[in-house]
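Structure first, then comments.
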Amino acid sequence: MSIDLGGLTLANPVMVASGCGGTGRELAAYVDLHELGAFVTRTITLNPRAGGPVPRILETPSGLVHAVGLQNPGLEPFLASELPQLVQQGARVVVSIAGTTLGEYAELARRLGRAPGVAAVEVNLSSPDAVASGVLDVREPFHAANVVAAVHRELPRGLPLLAKVRPDLIRVVESARTVLEAGAAAVVVGNALPAAMPDGRPAGLSGPAIRPLALRCVTEVRDALPDAAIVGCGGIADEADARSFLAAGATAVQVGTALLHDPTTAARLARALTTDREVIG
Amino acid sequence: MSIDLGGLTLANPVMVASGCGGTGRELAAYVDLHELGAFVTRTITLNPRAGGPVPRILETPSGLVHAVGLQNPGLEPFLASELPQLVQQGARVVVSIAGTTLGEYAELARRLGRAPGVAAVEVNLSSPDAVASGVLDVREPFHAANVVAAVHRELPRGLPLLAKVRPDLIRVVESARTVLEAGAAAVVVGNALPAAMPDGRPAGLSGPAIRPLALRCVTEVRDALPDAAIVGCGGIADEADARSFLAAGATAVQVGTALLHDPTTAARLARALTTDREVIG
Amino acid sequence: MSPVAEPTTATRTPLHVTGELLATKKVGAYRHLTLVAPGVPERFRPGNFVAVSIGAPGSDTTRLARRAFWIHQVKPVGGYGPTLQLVVEPTGPGSQWLASLAPGARLEVTGPLGRPFALPKEPVSCLLVGEGYAAAPLFPLAERLRERGCAVNLLVAGADEAHLLSALEARRSARAVTVVTRDGSVGLRGEVADVVDDVLGRSQAAVVYAAGPLATLHAVAVAAEAHGAWSQTAVEQPLTCATGLCQGCPVPVVGEDGVARRVRACADGPVLRGDRVRWAELLGEAGEPR
Amino acid sequence: MSPVAEPTTATRTPLHVTGELLATKKVGAYRHLTLVAPGVPERFRPGNFVAVSIGAPGSDTTRLARRAFWIHQVKPVGGYGPTLQLVVEPTGPGSQWLASLAPGARLEVTGPLGRPFALPKEPVSCLLVGEGYAAAPLFPLAERLRERGCAVNLLVAGADEAHLLSALEARRSARAVTVVTRDGSVGLRGEVADVVDDVLGRSQAAVVYAAGPLATLHAVAVAAEAHGAWSQTAVEQPLTCATGLCQGCPVPVVGEDGVARRVRACADGPVLRGDRVRWAELLGEAGEPR
Ligand SMILES: Cc1cc2nc3c(=O)[nH]c(=O)nc-3n(C[C@H](O)[C@H](O)[C@H](O)COP(=O)(O)OP(=O)(O)OC[C@H]3O[C@@H](n4cnc5c(N)ncnc54)[C@H](O)[C@@H]3O)c2cc1C
Ligand SMILES: Cc1cc2nc3c(=O)[nH]c(=O)nc-3n(C[C@H](O)[C@H](O)[C@H](O)COP(=O)(O)OP(=O)(O)OC[C@H]3O[C@@H](n4cnc5c(N)ncnc54)[C@H](O)[C@@H]3O)c2cc1C
Ligand SMILES: Cc1cc2nc3c(=O)[nH]c(=O)nc-3n(C[C@H](O)[C@H](O)[C@H](O)COP(=O)(O)O)c2cc1C
Ligand SMILES: Cc1cc2nc3c(=O)[nH]c(=O)nc-3n(C[C@H](O)[C@H](O)[C@H](O)COP(=O)(O)O)c2cc1C
Ligand code: FES
Ligand code: FES
């Protein structure tokens, strides 16, 4: 009755996407975190990041354009307070990470590998460029694979690595293949897509607007890599959306923007898909 | 008071996007075609194409996913009845073309070059793959440039060539640069993006959903190629949208999906932008 | 020679207007809407439809495709001039939204759209077959036919009583009315396909008009062929633009020239000669995405 | 030592519910909405707000960001229990939609959200400064303060009479009420910044509470500092999620530890100590996208 994601076991196929679940404290008002397949943290970097200028997020038709800039407290404060709190709530915690150098990735992996309660690490290889400025440029699949290899080397055996690649049709299959070869247990297909705010500022586009694009990418990766564990992400807002990704070959899904609009979304989807035999296995 | 698009003179910067204006007869009920900057025909191929199976078009949040499959009567019937009718209505006619071989592109160019009333030719280099199956694969900028060169060679001097490239951030600058070098007078940045219908079938995504993605591409092309004549296309539905593309560096815009929702859109935009000095020049 | 005169559409260009909902009434499973849509009723001919935008005028709308509705009647309402009557079956989100609107609501409406029913050149006997909400366009057609001296026979069908458009008003125009429901709650029990042959034989109709699901239209076209009658079938396909712009609504037909091609349901149809439609292909295509 | 007790939020978790609009009334430039939102009123403390979804529940919505509104009052309505009163200024598409709804409309509501105003530990004199719709949360605060034996002084501002929340009801709770309008149509002519120093001096307030545009809050914080008073400013930033999930609403502050950081307007605010906010940066950022 449970989902196997390349070694990561989930009670159901619904995960909170990185950067859309706050610290976990806020969401707890609307859902018991242990009801979710997994909770992916916002992307954590070694040093704190203050994030970008405002306005950081604007509405666009059926989507959001955003340039939050990976605001996060840095690894130490995360380990000291955010992680224990998530663990205490019974969340299956997947820690999303990004670094400015390969060395930083390795260090993040080393220290998270020792932290109690981390169920998996998700390497964020797909922030829309210029939004996550300063972070290592991994747009080339080759560079992405290097990062995955560096992280994989440092993680203890049995701690699965998820690689989150950009839902960009031209490169998504190559990206997925190389990161899986480099040691990723599963590939998360989906992130905000490089876009612009109405005033031309670079930003990422997420939400239901991009769903058909993300779904296509999942389809392509599934076709090319029949054995890969795939997590679909992009614009999922209701049960039918989630099912279309599962039908296209995703083993699990992540929900991001929809949570910002309705914080009960993840709970509803998790409940709808938990006792669902057809999507399991 | 008029727009110069690499030699193509327009009364205003609003064009009907390919495949969204019917034969021109239908739109005439809602707008005098000569009020528009230009009318781009659906993509014409040498031989007739029956188009794809139904459902061809489905709604998605703030967008449409479609796989019409470039249905068109072929060049002969087009020249015999559609073109004269458009010319008679006073439309500034831009004929969109696609071919299955370089030779077909050349022949299309040769024959359109002699046809009275053709104001420009738009080479469709950006149909979402698998939607325009059978058409020459021009996803590589190098191949796209070959097509443009072949068409350019055959067109009479003074008949401008617009190259329509895919608003795919990774390649759009390279695509734009190479097609301009190969003889394009202007580059149209925008087309439906490769996507999937809910059942997984390949399709193109268009409409307001993709606007922030198209806008970003226009921004990038403008930054990289300050002197290029750029036509922005993707999700434009109202005056503010059109202005954001003009502000980002587009010289003109094309309107597609919005016309399917409200056939008076092009007329309204053309009127709003016709006597507008700030966007001109 | 065809006994019907193909309508010309040249002078009847459609309009895109902001309309207003005047009244809304639940009748069985349907909502009857009365709509002010300036200029549209004046141009109406039976078999035309209107396309409605989902969402209030001026609001961003997440649903870009239009929704088509048969024009059921054109009625003058004091102080407003002629108004449109539509019959809406609330099924999906678009029609539910429309059915939930209160009087005074504003709507973007385009119409009249589509090629209407072709009328007989001579005063012949006609059979009109309508199923569910799609019977709506047949009532004004019946009146028009009667005005021309045609004998009008009506076959009205529906799943049950709630899905049956009332033939009451039509009785004035009709010589004979047959009612058939799937559950037998009113009239005969069964489908149009079960009874059309019989009804057609009795009516001696030279022309059969039909509106309803594709399978029903097909059955009517086949029966007409068997009886040597002409058929005019109103073919519904999911419409995106409804105005002929997008090519999203192909109907496989055989042209006058004998060549197989695809025409647009919205602009070249919706009313098509039953003997020209390639039904097998259409039914296969509509049932299966591929 | 701070004279105010920072509220704990631990036991007051917000709810996400489908609410119903009970009544709607135009008052000057605003719409006052009465909302049934089961469970939300019971958890309310002055300074809390609710987040509303734009679009009917269950409908796809093209507008994904939430819209925040101060809880103006909690009032029992016969048969419904406690209800929420909101004051909506119709400006953009979201607030216009909300203002146009008819009683009976259903709405997705999340609340109560945000850290409320901190209340004084002792019965001290307080000044409450509110501008435009943002004066809304000060009225229930005034009542709460009076219950605690605090002397309440009110400074209510607006562009003109239409944009002035009526101080009538508040007069019961208040010792002194000052009104200022930009056009001088009621009370003094001018801005909060012009008069706050004076009013503060006269009121001898130990704590100043303020809600309004950033520039007003800044002026109040500066005046409080000058008078040695504590200030509690209700900082509005465009909110996307309003629930603390997205980090779209950063407010630059100096923490208790003296370290500069950014907190979330929605979850760590909206009420923040005026002396902790880095106003220059906030005003620069809010005014200029970059
Ligand atoms: C010419 C014409 C006239 C019509 N007249 C009426 C009328 O008088 N009264 C009435 O209630 N309805 C009528 N319809 C159907 C109507 O246009 C809508 O399709 C229907 O109301 C469902 O729309 P929705 O938004 O509620 O559901 P949606 O969720 O948008 O549609 C539900 C599903 O049905 C599919 N669909 C949409 N339209 C059609 C169609 N025409 N045929 C087959 N599948 C479709 C969609 O692709 C979707 O998957 C007519 C359709 C056409 C083409
Ligand atoms: C804590 C809080 C309480 C509020 N209480 C009230 C209230 O009681 N009554 C009331 O009428 N309004 C209130 N607002 C403002 C309200 O949430 C909406 O921003 C406002 O109604 C405009 O939304 P709209 O959808 O109409 O316009 P939109 O078109 O969505 O917004 C117009 C523009 O304003 C910007 N914007 C949105 N919210 C803000 C903001 N808070 N500050 C600055 N710019 C913004 C948007 O980015 C957009 O560009 C409050 C806001 C906050 C943060
Ligand atoms: C406000 C916001 C912040 C985000 N921050 C992160 C992040 O820190 N790391 C990351 O990998 N993805 C981040 N994302 C991307 C989401 O995790 C998700 O992949 C993307 O938004 C597409 O899914 P959706 O359409 O369901 O939101 C963020 C998205 C949003 C809207
Ligand atoms: C139904 C439909 C058919 C289209 N057919 C063509 C076509 O034949 N040739 C082409 O170059 N683009 C075609 N397009 C793409 C549009 O011209 C336009 O580039 C794209 O839809 C993005 O703009 P929009 O969001 O304004 O529609 C088509 C788009 C739609 C929606
Ligand atoms: S629906 Fe667009 S052409 Fe018929
Ligand atoms: S608006 Fe999302 S964190 Fe404040």
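The values are calculated or read from the model by the stated rules, or taken from the named source; none is laboratory data. Computed from a predicted structure; not experimentally measured. Note that each Cβ is placed from the backbone with ideal geometry, even for glycine, and that neighbours are counted across all protein chains shown. Side chains included, ligands, DNA and RNA excluded: accessible areas come from the protein's heavy atoms. Shrake-Rupley method; radii C 1.70, N 1.55, O 1.52, S 1.80 Å.
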What number of residues within the stretch A:81-129 satisfy the criterion of being in a loop (DSSP other than H, G, I, E, B) and more than 18 Å from A:Val165 (Cβ to Cβ)? 9
Considering each of D:Asp268, D:Asp197, D:Asp275 in turn, give the residue that is in contact (Cβ under 8 Å) with a residue 24 or more places away in the chain, open to solvent by 10 Å² or more (accessible area, probe 1.4 Å), more than 16 Å from ligand 6 (Cβ to nearest atom) and not in a helix (DSSP H, G or I). D:Asp275
Can you say whether D:Ala65 is of a type in the set (A, V, I, L, M, F, W, C), surrounded by fewer than 19 Cβ atoms within 10 Å (Cβ to Cβ) and within 14 Å of chain C (Cβ to nearest Cβ), as far as the supplied structure shows? no
Scan the stretch A:1-23 residue by residue and report those that are surrounded by 24 or more Cβ atoms within 10 Å (Cβ to Cβ), of a type in the set (Val, Ile, Thr) and over 17 Å from A:Ala192 (Cα atoms). A:Val14
I'm checking my understanding of the structure. Among residues of the stretch D:248-263 that are at the interface with chain A (Cβ under 9 Å from one of its Cβ atoms) and part of a loop (DSSP other than H, G, I, E, B), which one is farthest from ligand 5 (Cβ to nearest atom)? D:Cys249
Can you tell me which residue among B:Ile170, B:Ile210 is within 11 Å of chain A (Cβ to nearest Cβ), free of Cβ contacts under 8 Å to residues at least 24 places away in the same chain, β-branched (Val, Ile, Thr) and in a helix (DSSP H, G or I)? B:Ile170
In the stretch B:62-85, how many residues are open to solvent by 10 Å² or more (accessible area, probe 1.4 Å) and within 14 Å of chain A (Cβ to nearest Cβ)? 2
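Mind listing whichever residues of the stretch B:146-158 are touching a strand residue (DSSP E or B) at 6+ places or on another chain (Cβ under 9 Å), open to solvent by 30 Å² or more (accessible area, probe 1.4 Å) and not in a helix (DSSP H, G or I)? Walk me through it before giving the result.
Start the filter on the stretch B:146-158 by keeping residues that are touching a strand residue (DSSP E or B) at 6+ places or on another chain (Cβ under 9 Å), which leaves B:147-148, B:151-152, B:155.
Cutting the leftovers down to open to solvent by 30 Å² or more (accessible area, probe 1.4 Å) gives us B:152.
Listed by number, the list is empty, since nothing qualifies.
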Just checking, which of C:Ala99, C:Ala170 is under 30 Å from D:Pro57 (Cβ atoms), more than 15 Å from the chain's Cα centre (by Cα), of a type in the set (A, V, I, L, M) and assigned to a helix (DSSP H, G or I)? C:Ala99
Give me the residue from the stretch C:24-48 that is within 14 Å of another protein chain (Cβ to nearest Cβ) and buried (at least 23 other Cβ atoms within 10 Å of the Cβ) and, out of that set, farthest from ligand 5 (Cβ to nearest atom). C:Val40
Can you find a residue in the stretch D:49-61 that is open to solvent by 10 Å² or more (accessible area, probe 1.4 Å) and either within 16 Å of ligand 5 (Cβ to nearest atom) or outside any loop (DSSP other than H, G, I, E, B) (or both)? no
Evaluate the following for A:Leu225: is it within 14 Å of chain B (Cβ to nearest Cβ) and away from ligand 1 (no atom under 16 Å from the Cβ)? no
Kindly establish whether D:Ala219 is farther than 19 Å from D:Arg45 by Cβ, open to solvent by 40 Å² or more (accessible area, probe 1.4 Å), among the aliphatic types (A, V, I, L, M) and touching a helix residue (DSSP H, G or I) at 6+ places or on another chain (Cβ under 9 Å). no
Give D:Ala193, D:Ala174, D:Ala135, D:Ala205 a once-over and let me know the one that is out of contact with any strand residue (DSSP E or B) (no Cβ under 7 Å at 6 or more places or on another chain), of a type outside the set (Asp, Glu), more than 16 Å from ligand 3 (Cβ to nearest atom) and away from every other protein chain (no Cβ under 14 Å). D:Ala193
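Looking at A:Glu35, A:Glu59, A:Glu26 in this structure, which one is surrounded by fewer than 24 Cβ atoms within 10 Å (Cβ to Cβ) and within 14 Å of chain B (Cβ to nearest Cβ)? Steps first, answer last, please.
Numbers: A:Glu35 fails: within 14 Å of chain B (Cβ to nearest Cβ); A:Glu26 fails: within 14 Å of chain B (Cβ to nearest Cβ).
Only one candidate passes the filter, namely A:Glu59.
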Across (1) within 16 Å of ligand 5 (Cβ to nearest atom); (2) touching a Ser or Thr at 6+ places or on another chain (Cβ under 6 Å); (3) free of Cβ contacts under 8 Å to residues at least 60 places away in the same chain, B:Pro73 clears everything bar (2)
What residue, of B:Ala80, B:Ala106, B:Ala38, is touching a helix residue (DSSP H, G or I) at 6+ places or on another chain (Cβ under 8 Å) and modelled with pLDDT of 95 or more? B:Ala106
Does the stretch A:178-198 contain at least one residue that is charged (D, E, K, R), closer than 30 Å to A:Leu155 by Cα and surrounded by fewer than 21 Cβ atoms within 10 Å (Cβ to Cβ)? yes
Just give me the residues in the stretch A:133-145 being open to solvent by less than 60 Å² (accessible area, probe 1.4 Å) and out of contact with any Lys or Arg (no Cβ under 7 Å at 6 or more places or on another chain), in sequence order. A:Gly134, A:Val135, A:Leu136, A:Val138, A:Ala144, A:Ala145
When residues of the stretch D:159-187 are filtered for being closer than 23 Å to D:Pro116 by Cα and open to solvent by less than 50 Å² (accessible area, probe 1.4 Å), how many remain? 7
Give me a count of the residues in the stretch C:200-239 that are in a strand (DSSP E or B), touching a Ser or Thr at 6+ places or on another chain (Cβ under 9 Å) and among the small types (Gly, Ala, Ser). 2
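Against the definition (surrounded by 16 or more Cβ atoms within 10 Å (Cβ to Cβ) and within 23 Å of D:Pro137 (Cβ to Cβ)), how does D:Gly114 come out, yes or no?
Judged against the criteria, D:Gly114 is a match.
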Look at the stretch B:228-245 and say how many of its residues are within 11 Å of another protein chain (Cβ to nearest Cβ), open to solvent by 10 Å² or more (accessible area, probe 1.4 Å) and outside any loop (DSSP other than H, G, I, E, B). 4
Would the stretch D:240-247 turn up any residue that is assigned to a loop (DSSP other than H, G, I, E, B), within 14 Å of chain A (Cβ to nearest Cβ), away from ligand 4 (no atom under 16 Å from the Cβ) and in contact with a Phe, Trp or Tyr (Cβ under 9 Å, 6 or more places away or on another chain)? yes
